Amino acid sequence: MSNITEIIKTLGFAYPQQNIPAETWKLYAEFFATEDQNMLKRAVTNWVGRESWFPKLPELRAELDAVLYADGFDTRPWWTKAGMTTDQVDAMIWEAEKARDPNFGKLYAQRDEPRTQPPPML
């Protein structure tokens, strides 16, 4: 917990105009005691770099949540997450479309349907 206290105390160095009682430091340290230290440090650093006031507990919690969300957000496409290649996705789409429409993928001239327009005049 001492590392958490040191991370929280950096807020005191960033905002020296604030007169923070010792009980407040203890409350902040207890509130964030179970959080990942690296993520908390990033949240505190983000806050200090962006805001000009000392954060309240909910504000710092929201900042930590934003850091945790950004860290856990996976920007890869869904098929990559599923372990598929683009060729496999294309095959899957073709299979689904073929089941929906038996003429899917055939050129119009290869279809068994009668033409609705006369052939062009040459």
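No lab work stands behind these numbers, since they all come straight from the coordinates. As the structure is a computational prediction, the values presented were derived from the model and not from experiment. Here Cβ is always computed from backbone atoms with ideal geometry, including for glycine, and neighbour counts include all displayed protein chains.
Couple of notes before you dig in:
- Dipole check for the chain: with +1 at the C-beta of Lys and Arg, -1 at the C-beta of Asp and Glu, and the Cα centre as origin, the magnitude is about 200 Debye.
- For segment 38-50, 3J(HN,Hα) computed residue by residue from phi via the Karplus equation (6.51, -1.76, 1.60; θ = phi - 60°) reads 5, 5, 5, 5, 5, 5, 5, 4, 4, 5, 4, x, 10 Hz, glycine and proline entered as x.
- For the chain, lysine pairs with C-alpha atoms less than 18 angstrom apart, excluding pairs fewer than eight positions apart on the same chain, total 7.
- When each of I4, I93, I20 is scored by the number of other beta-carbon atoms lying within 10 Å, the sequence from fewest to most is I93, I20, I4.
- Values of log10 I(q)/I(0), in the order q = 0.26, 0.27 Å⁻¹, for segment 2-72 under a Debye, Cα-only, solvent-free model: -1.34, -1.45
- Footprinting exposure proxy for T24, T75 (fewest neighbouring C-beta atoms within 10 Å first): T75, T24
- Nearest-ten-degree value, helix 86-100 long axis tilted from longest Cα axis of the chain: 50 degrees
- Pairs of Cα atoms nearer than 8 Å and 6+ residues apart set the relative contact order; for the chain it is 19 percent.
- Projecting the Cα atoms of M39, V89, G105 onto the charge dipole of the chain (Cβ charges, centred on the Cα centre) puts G105 farthest toward the positive pole.
- Pair-distance distribution P(r) for the chain, from all Cα-Cα distances in 5 Å bins starting at 0: 2, 9, 14, 13, 8, 5, 5, 5, 5, 5, 5, 5, 5, 5, 4, 3, 2, 1, 0 percent.
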